[in-house]
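J.: Below are the structure tokens for one structure; questions will follow.
What follows draws every value from the coordinates through simple rules; no lab data is involved. Here the structure is a predicted model, which is why all the values come from computation and not from measurement. In this analysis, Cβ positions are derived from the backbone assuming ideal geometry, glycine residues included, and neighbour counts consider all displayed protein chains.
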2 protein chains.
Amino acid sequence: MVKSIFYHAGCPVCVSAEQDIVNLIGADNVEVVHIGEDRSRISEAEKAGVKSVPALLTPNGNVLHLNFGASINDLKG
Amino acid sequence: MVKSIFYHAGCPVCVSAEQDIVNLIGADNVEVVHIGEDRSRISEAEKAGVKSVPALLTPNGNVLHLNFGASINDLKG
């Protein structure tokens, strides 16, 4: 199975959502990417359709935006 | 394991998110509730902290608000 990717930026809302997602779908099924620290992956996230974090990119290419934490544009500044 | 509950109101955004969630965590692990049709469960959803749909109530009581579809207040009107 292709992994989901959970993009976040370290905010409290992100961390809480991360724990929920990992609990629900299993740590082995999701790659967690901190785009506040790993800034080279911001453009990858944008290309996938991520508008805000936290967000979950599913294996079929859909993006689920979770409890709004931060706009991806604010992370690029 | 206690099931998660996915609250939605039948909107296209809700249906798309529902499919993703069911694929990710498995149909057996989530109860799907259409609060546009089953209006008696709106107050239950509100009490759990649901502010908009689609939303996923996790087994530990957290609410993940997904891609914004509709405010729960708009559903009560």
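J.: Given the C-alpha centroids of region B:39-77 and region A:50-74, what is the distance between them in whole angstrom?
T.: Distance between centres, Cα-based: 19 Å.
J.: Could you work out which residue, out of A:Ala27, A:Ala45, A:Ala17, moves most in a Gaussian network model of chain A, that is, has the largest mean-square fluctuation with Cα springs under 10 Å?
T.: Judging by the Gaussian network model, the answer is A:Ala27.
J.: Around A:Lys47, with a cut-off of 14 angstrom between Cβ atoms, what is the net charge of the other residues, counting Lys and Arg +1 and Asp and Glu -1?
T.: Working: positive: A:Arg41, A:Lys51, A:Lys76; negative: A:Glu44, A:Glu46.
Around A:Lys47, the surrounding residues sum to +1.
J.: Above 17 angstrom, tally the Cα pairs of region B:16-60 and express them as a % of all pairs, no decimals.
T.: Percentage above 17 Å: 33.
J.: Further, regarding this structure: Enumerate the calculated ³J(HN,Hα) couplings along region B:32-39 in order (Karplus 6.51 cos²θ - 1.76 cosθ + 1.60, θ = phi - 60°), each rounded to whole Hz, writing x wherever the residue is Gly or Pro.
T.: Taking θ as phi minus 60°, the curve returns 9, 10, 8, 7, x, 8, 9, 5 Hz for region B:32-39.
J.: How large is ³J(HN,Hα), in whole Hz, for each residue of region A:55-68 in order, when computed from phi with the Karplus curve 6.51 cos²θ - 1.76 cosθ + 1.60 and θ = phi - 60°, using x for Gly and Pro?
T.: Once rounded to whole Hz, the list reads 8, 10, 8, 7, x, 8, x, 7, 10, 9, 7, 9, 1, 4.
J.: Copy-to-copy spacing for B:Asn60, label 7 Å out on the Cα-to-C-beta vector, in nm, shortest first?
T.: Going from nearest to farthest copy, the values are 2.8 nm.
J.: Continuing with this model, one more query. Please tell me the relative contact order of chain B in percent, rounded to the nearest whole number, where contacts are Cα pairs under 8 Å and at least six residues apart. It would help to have the intermediate numbers written out before the result.
T.: Working: 125 pairs, mean separation 28.7, N = 77.
Relative contact order of chain B: 37 percent.
J.: With a sphere of radius 11 Å drawn around the Cβ of B:Ile5, what net charge do the other residues whose Cβ falls strictly inside it have (Lys, Arg +1; Asp, Glu -1)? Don't jump to the answer; show the numbers that get you there.
T.: On the way: positive: B:Lys3, B:Arg41; negative: B:Glu31, B:Glu44.
Residues close to B:Ile5 contribute a combined charge of 0.
J.: Can you compute the equivalent ellipsoid semi-axes for the protein assembly as shown, i.e. the square root of 5 times each eigenvalue of the Cα gyration tensor, sorted largest first and rounded to whole Å?
T.: Values: eigenvalues 134, 55, 37 Å².
Calculated on Cα positions only, the semi-axes equal 26, 17, 14 Å.
J.: If you don't mind, there's one more thing I want to ask. Write down the Kirkwood hydrodynamic radius of chain B, to one decimal in angstroms, obtained as one divided by the mean of 1/r over all alpha carbon pairs. Provide the component values of the computation, followed by the final result.
T.: Values: mean 1/r = 0.0829 Å⁻¹.
It is 12.1 Å.
J.: Averaged across B:19-26, how many Cβ atoms of other chains sit within 10 Å of each residue's Cβ atom? Write down the numbers at each step before the final one.
T.: Details: counts 3, 8, 5, 0, 6, 12, 6, 2.
Going residue by residue through B:19-26 and averaging, the value is 5.
J.: Still on this structure, please answer the following. How many nanometers, to one decimal and shortest first, lie between the label point of B:Lys3 and those of its other copies, if labels sit 7 Å from Cα toward Cβ?
T.: 3.1
J.: Oh, and also: Any chance you could count the Lys pairs in the protein assembly as shown whose alpha carbons are under 17 Å apart, treating pairs 8 or more apart or on different chains as valid?
T.: On the way: A:Lys47/A:Lys76; A:Lys51/A:Lys76; B:Lys47/B:Lys76; B:Lys51/B:Lys76.
Taking the protein assembly as shown as the scope, the lysine pair count is 4.
J.: Between B:Lys47 and A:Asn60, take the C-beta separation as r, use R0 = 35 Å, and let me know the FRET efficiency to the nearest 0.05. Write out the running numbers ahead of the final one.
T.: Values: r = 33 Å, r/R0 = 0.94.
Plugging the Cβ-Cβ distance into 1/(1 + (r/R0)^6) gives 0.60.
J.: Percent antiparallel among DSSP beta bridges with both residues in chain A, to the nearest 5? Before the final figure, lay out each step's value.
T.: Details: 8 of 13 bridges.
Bridges in chain A that DSSP calls antiparallel: roughly 60 percent.
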